[in-house]
1. List the residues, sorted by chain then number, that are 5 or more residues from Ser151 or on another chain and whose placed amide H is less than 5 Å from its amide H.
2. In whole Hz, with x marking every Gly and Pro, tabulate ³J(HN,Hα) for region 76-82 from phi via Karplus 6.51 cos²θ - 1.76 cosθ + 1.60, θ = phi - 60°.
3. Tell me whether region 3-178 comes out rounded, prolate or oblate; compute the Cα gyration tensor, take square roots of the eigenvalues as a ≥ b ≥ c, and use a/c under 1.5 as the rounded threshold.
4. Place a +1 charge on the Cβ of each Lys and Arg in the chain and a -1 charge on the Cβ of each Asp and Glu, then give the dipole magnitude about the Cα centre in debye, rounded to the nearest 20.
5. Quick check: residue separation of Glu110 and Thr125 times 0.36 nm, minus the Cα distance between them. What number comes out in nm?
6. Give the longest segment of the chain that steers clear of GluC sites (Glu not before Pro) in DSSP loops with at most 11 neighbouring Cβ atoms within 10 Å, not counting the sites themselves.
7. Can you give the extra length, in nm with one decimal, that the chain gains between Ile157 and Val18 once fully stretched, where that is 0.36 nm per residue apart less the Cα-Cα distance?
8. For region 30-44, just list the computed ³J(HN,Hα) in residue order, Karplus coefficients 6.51, -1.76 and 1.60, θ = phi - 60°, integers in Hz, with x standing in for Gly and Pro.
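Read-outs: derived from the displayed coordinates by stated rules, not from any lab. These figures come from a predicted structure and were not determined experimentally. Cβ placement follows ideal geometry from the backbone for every residue including glycine, while neighbour counts extend to all protein chains displayed.
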Amino acid sequence: MTHDPEQQVPSVLLEPPVSGTEVDTLIGSLERQRRTFAWKCEGLDAGGLGARLAPSALTLGGLLKHLALVEDEYFTRRLLGADLPPPWDAVDWDADPGWEWRSAAADEPERLYALWKEAVARSRTHLRKALSEGGLDRPARLTWLDGRAPSVRRILIDLVEEYARHVGQADMIRESIDGRVGEDPPADFPVP
């Protein structure tokens with residue numbers, strides 16, 4: 001659970017360290033949110049992933065697909081300036097801006113879980129690359145409309161915020177399905 005300052009590449013942390021570097025704290029916060037989200041979604045069939053709390057149309061399957069897109073959007077497109085990978089590259093986002101939410105209902109649970117896990121794995125790789133090329137201050141390749149380029153630090157904070165919001169939603173949906181509650185996964189829950 002430590003950061004190797006020589007390499008500027010942190011290992012996967014289960015949560016933020018009690019007293020650690022800024023990199024370890026940010027990545028630990030993100031990894032804790034990812035792990036909690038995985039625990040809230042794990043082991044459900046199509047019915048569970050499609051369950052809703054009225055009046056919202058939000059589902060755990062939709063959250064899995066949305067957060068897979070967000071991982072790729074932030075760490076592939078914004079951070080590295082690379083094209084989005086499949087399936088995102090084939091979507092007409094102007095014609096269907098909520099495609100990931102809507103289309104999740106037609107996906108098999110295994111596909112939704114895999115899509116999210118693959119995106120998280122890509123994000124970890126891209127983040128390690130960016131950190132080795134300039135640390136938290138390294139600017140993203142994709143600039144904002146006003147020409148400014150957010151730093152790796154800002155992208156990490158944005159992603160922690162995105163997960164924190166959706167973990168809360170996932171918590172409520174999962175409780176309605178089978179009563180699973182809790183802030184943290186069990187100690188033996190695997191890293192996604």
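1. Ala140
2. 9, 6, 6, 5, 9, x, 8
3. The shape class here is oblate.
4. That gives the chain a dipole magnitude of about 220 debye.
5. That works out to 3.1 nm of additional length.
6. The segment 7-132 is the longest one with no such site.
7. Gain on extension, Ile157 to Val18, equals 48.2 nm.
8. 5, 5, 4, 5, 4, 5, 5, 4, 4, 5, 5, 9, 5, x, 9
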